[in-house]
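The numbers here are math on the coordinates, done by the rules we state, and not lab data. Worth saying up front: this structure is predicted, and the values here are computed from it rather than measured. Ideal geometry is used to build each Cβ from the backbone, glycine not excepted, and the neighbour counts take in all protein chains shown.
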């Protein structure tokens, strides 16, 4: 099988953790590295979480420390969803490894080495990718595409207009959306269209081991973590973005022109999707709008049950 | 009867909304105030007078501001033509215009009304916003404001803004933060309030002078929307009127809504807090869907009213 080489740029994070589990268990992927970025929690916390998760899974994939602070704005984190540690109530053994430094070089060098085949899956704020683009404007010639978990056409989550990953670094998102790299936007329109109920989480595994217990723990922590107004589901935003690469029929959407609002006082960090092509501007992102629910549940079960073995 | 002030910028759909409102015996229309929007103030004022005269109706009518509170006026000739009401040729009107600004008429009506007044605003919110800023004491005698404007699904004039809000976002900000209950008939519902060719023919078949005018207005409005790829003509402004007459044919949800006035790409967007992130009290009933057939039946019923 020809494997897709991916870099997972992430800020684990509960849903990031599920994405990491799925990425490292999918034979379709050659995971070149996990690059961390401050987002759901501070860089130190999310990097520690990434190392812990990789060690629990037993993977030797490189973990690379990325950006600690957004390009311009003050830092915001999402402790209200992901807890103080970034993995809510999950406690994992201290990591034995330490993370590599210099994410910008790592991203650029990996892309160049793979001669245009690299797919970046960016499920945190887009700070690292923006850094790499700003320092290596030719990055766009070396990256096949970037799948982004972020944004939303119809609504936000951290504010009514903005989704957290974009809101946490709107200026970085602007750099990425204007970069000319092929983008797939997996936003709240799809990631909040479906999720796992508590019952579904509890019936996910038929036999347990350390890894399945960790997965179940994370998913149970996620049920209800979004707070009032949401369905009591585990919304696995980041994993849905990753899985768009695994299943052609999981998400559907269309090419759109997308701007990032960085000046608004009530829409700061909004992905402004020109759904009706009002402005006739070049389409810079494939924006996903619909989830194939049957495929979604089947895919999640299949991918996570790989850890029963 | 519900005491009503209609603030509008006719405009094809405004003209039809006006005719619907004046045909209904549920409304006591105390005044019609005019704003620039679909065309310049002079044109929209003239259009409102012509439509009312042609339909044999009179009302106190006053002109408002000729430009938005802070911005220059943007008009929509591509939708409504150079006159703002291209299509039927209507005779000049001798309907007098009140020698006062629209907001003075609004104040007089609110001050004198024994029961709280309902405002229907189907254009940019310049007059209503100016009124509420200059005479905030009148708020207590305003029951609600039913507007055509805004959208949760993306805009029609920019990717995120609907025309009426975009033209005067500062006025819209004043209105939405006024504390007065708002009914928002935005693109979410008005894009479902489509009038099809067969509906136009049904109106034309009534065969009276007002029905023929309405059919001709719809012919022109349809032509533009078909050229834009619509299957019918979204009768935006009529939704604000229809909701007040028949709320049961609409589906809506109460949300906290605010207006972006500073955005690079988002100015004039109605920001709807669907997940109650701000824990603020809902200020707006956002209309989301309607029974299209019942809406068309209501329109036909009301048009039938005219000789």
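What to note about this one:
- Cβ neighbours within 10 Å from other chains - mean over A:152-158: 4
- Nearest-0.05 FRET efficiency for residue B:254 and residue B:133, computed from C-beta distance (R0 25 Å): 0.50
- Look at where the Cα atoms of the range A:122-181 and of the range B:266-306 average out, and the two centres are 34 Å apart.
- Equivalent ellipsoid semi-axes - Cα gyration tensor, the range A:81-196, angstrom: 25, 22, 13
- Shape analysis of chain B places it in the rounded category; the axes a ≥ b ≥ c from the Cα gyration tensor give an a/c below 1.5.
- The range B:175-238 versus the range B:7-73: alpha-carbon centroid distance in Å: 16 Å
- Computed over the Cα atoms of the protein assembly as shown, pair by distinct pair, the Kirkwood hydrodynamic radius stands at 26.1 angstrom.
- When only alpha carbons are used to place a centre, the range B:77-144 and the range A:1-72 end up 58 Å from one another.
- Cα-only Debye scattering, the range A:246-306: base-10 log of I(q)/I(0) at q = 0.15, 0.16, 0.24, 0.30 Å⁻¹: -0.63, -0.68, -0.93, -1.15
- Note on B:91-100: average number of Cβ atoms from other chains within 10 Å of each residue's Cβ is 0.
- Sorted peptide list for A:141-154, B:16-29, criterion being average Cβ within 10 angstrom, highest first: A:141-154, B:16-29
- Most to least packed among A:94-100, A:218-224 [average Cβ atoms within 10 Å]: A:218-224, A:94-100
- Every helix of 4 or more DSSP H residues in chain A counts as -39500 (n - 2.57), and over all residues that averages to -9500 deg cm²/dmol at 222 nm.
- Shielding score for A:278-284, defined as the mean number of other chain Cβ atoms within 10 Å: 2
- Rounded if a/c under 1.5, otherwise prolate or oblate - chain A, Cα gyration tensor axes: rounded
- Estimated [θ] at 222 nm from DSSP helical runs (n ≥ 4, -39500 (n - 2.57)) normalised by residues in chain B, nearest 500: -11000 deg cm²/dmol
- Applying 1/(1 + (r/R0)^6) with R0 = 25 Å to the Cβ-Cβ distance of residue B:209 and residue B:82 gives a FRET efficiency near 0.60.
- Contour excess over end-to-end distance, with Cα ends at residue A:109 and residue A:30 and 0.36 nm allotted per residue: 26.8 nm
- Taking 0.36 nm per residue of separation and subtracting the current Cα-Cα distance, fully stretching the chain between residue A:100 and residue A:1 would add 32.7 nm.
- Panel values: the range A:174-248, Kirkwood radius from alpha carbon pairs, Stokes-Einstein at 20 °C and 1.002 mPa s, translational diffusion coefficient 151 µm²/s.
- Stretched out straight at 0.36 nm per residue, the stretch from residue A:200 to residue A:74 would grow longer than its current Cα-Cα span by 41.5 nm.
- Extent along principal axes [Cα atoms of the range B:124-223; Å; largest to smallest]: 48, 33, 18
- Whether the range B:59-183 is rounded, prolate or oblate, judged on the alpha carbon gyration tensor where a/c under 1.5 counts as rounded: oblate
- Here the range B:164-307 yields Rg over Rh of 1.03, to two decimals, using C-alpha coordinates and the Kirkwood radius.
- Paramagnetic reach from residue A:216 (point 7 Å along Cα→Cβ, amide N under 20 Å) across the range A:176-198: A:196-198
- Whole-percent pair-distance distribution, where bins are 5 Å wide, for the alpha carbons of the range A:1-121: 2, 12, 22, 23, 20, 13, 6, 2, 0
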